[in-house]
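Structure incoming, see below.
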């Protein structure tokens, strides 16, 4: 990444609320042709081996648009930020360079981590009810999988992005949490 004037990273999952790296600027942005989906298994952050959580990846397709946060990284921090992100996203994600559209106008190339179906942690599509049940039960070193869903939904609202997949899953996870609490109490 050395020699580049602007280096952007696009977050569409936990990077929205927990980038955990230094940045110069944060802007709302979106990717055309991509939809956020809870199709990636997490055995290192929001689940464990044998009981994976579900985190987001991107599905590419016509008419899709995924909103999130873009971070401009200072040139002196670029190598360290990439090393840290490569470690953080080691559970099946690969780096792509895609065009970001900023909510306040303009475009830039940005680095995006995407988990493809050929990685060993990819779980793929499932009914949202099944995803919600899995999310409600999963915990890992980074916390509960339900927290991931709820924080993502809150962060998207703060950025004024609507995502039917995330918001419906949020509704189901809240209901699943209520049902689990009732079962535990009674």
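The values are calculated or read from the model by the stated rules, or taken from the named source; none is laboratory data. Note that the coordinates shown come from a computational prediction; the quantities given were computed from them, not determined experimentally. So basically every Cβ, Gly included, is an ideal-geometry build from the backbone, and we count neighbours across all protein chains shown.
Filtering the stretch 1-16 down to residues that are over 12 Å from the mean Cα position of the chain (by Cα) and part of a strand (DSSP E or B), which residue is farthest from residue 145 (Cα to Cα)? First the steps, then the outcome.
At the first step, the residues of the stretch 1-16 found to be over 12 Å from the mean Cα position of the chain (by Cα) are 1-9.
With part of a strand (DSSP E or B) added as a condition, the list becomes 7-9.
Numbers: 7: 30, 8: 27, 9: 23 Å.
Checking each candidate, the answer is 7.
In addition: Out of the residues in the stretch 131-153 meeting the condition of being more than 13 Å from the chain's Cα centre (by Cα) and closer than 13 Å to residue 171 by Cα, tell me which one is surrounded by the most Cβ atoms within 10 Å (Cβ to Cβ).
135
A further question on this structure: Looking at 127, 120, which is the one that is over 15 Å from residue 69 (Cβ atoms), free of Cβ contacts under 8 Å to residues at least 40 places away in the same chain and out of contact with any strand residue (DSSP E or B) (no Cβ under 9 Å at 6 or more places or on another chain)? Outline the logic, then answer.
Working: 120 fails: out of contact with any strand residue (DSSP E or B) (no Cβ under 9 Å at 6 or more places or on another chain).
The unique qualifying residue is 127.
Quick check on the stretch 18-44: of everything there that is in contact with a helix residue (DSSP H, G or I) (Cβ under 8 Å, 6 or more places away or on another chain) and in a strand (DSSP E or B), which residue is farthest from residue 140 (Cα to Cα)?
35
Now a separate question. Could you grab the pairs with beta carbons closer than 8 Å, sequence gap of 6+ or different chains, first residue in the stretch 152-174 and farther than 22 Å from residue 130 by Cα, second one modelled with pLDDT of 95 or more and part of a loop (DSSP other than H, G, I, E, B)?
Within 8 Å, the pairs are 156/162; 156/163; 159/103; 160/103.
Considering only the stretch 71-86, state which residues are under 15 Å from the mean Cα position of the chain (by Cα) and either within 15 Å of residue 152 (Cα to Cα) or exposed (fewer than 15 other Cβ atoms within 10 Å of the Cβ) (or both).
86
Among the residues of the stretch 45-73 satisfying the criterion of being in contact with a helix residue (DSSP H, G or I) (Cβ under 9 Å, 6 or more places away or on another chain) and not in a strand (DSSP E or B), which is farthest from residue 130 (Cα to Cα)?
Out of the qualifying residues, it is 45.
Now a separate question. If you take the residues in the stretch 104-116 that are surrounded by fewer than 16 Cβ atoms within 10 Å (Cβ to Cβ) and in contact (Cβ under 8 Å) with a residue 12 or more places away in the chain, which one is nearest to residue 46 (Cα to Cα)?
116
Only one residue in 19, 52 is crowded, with 17+ Cβ neighbours inside 10 Å, within 15 Å of the chain's Cα centre (by Cα) and in contact (Cβ under 8 Å) with a residue 12 or more places away in the chain. Which one? Break it down stepwise before answering.
On the way: 52 fails: within 15 Å of the chain's Cα centre (by Cα).
Result: 19 is the single residue among 19, 52 that is crowded, with 17+ Cβ neighbours inside 10 Å, within 15 Å of the chain's Cα centre (by Cα) and in contact (Cβ under 8 Å) with a residue 12 or more places away in the chain.
Then there is this: Scan the stretch 40-58 residue by residue and report those that are modelled with pLDDT of 95 or more and touching a strand residue (DSSP E or B) at 6+ places or on another chain (Cβ under 6 Å).
40, 42, 46, 47, 48, 52, 53, 54, 55, 56, 57, 58
In addition: Every residue in the stretch 74-103 that is assigned to a strand (DSSP E or B), in contact (Cβ under 8 Å) with a residue 60 or more places away in the chain and more than 12 Å from residue 29 (Cβ to Cβ), please.
Within the stretch 74-103, no residue meets the criteria.
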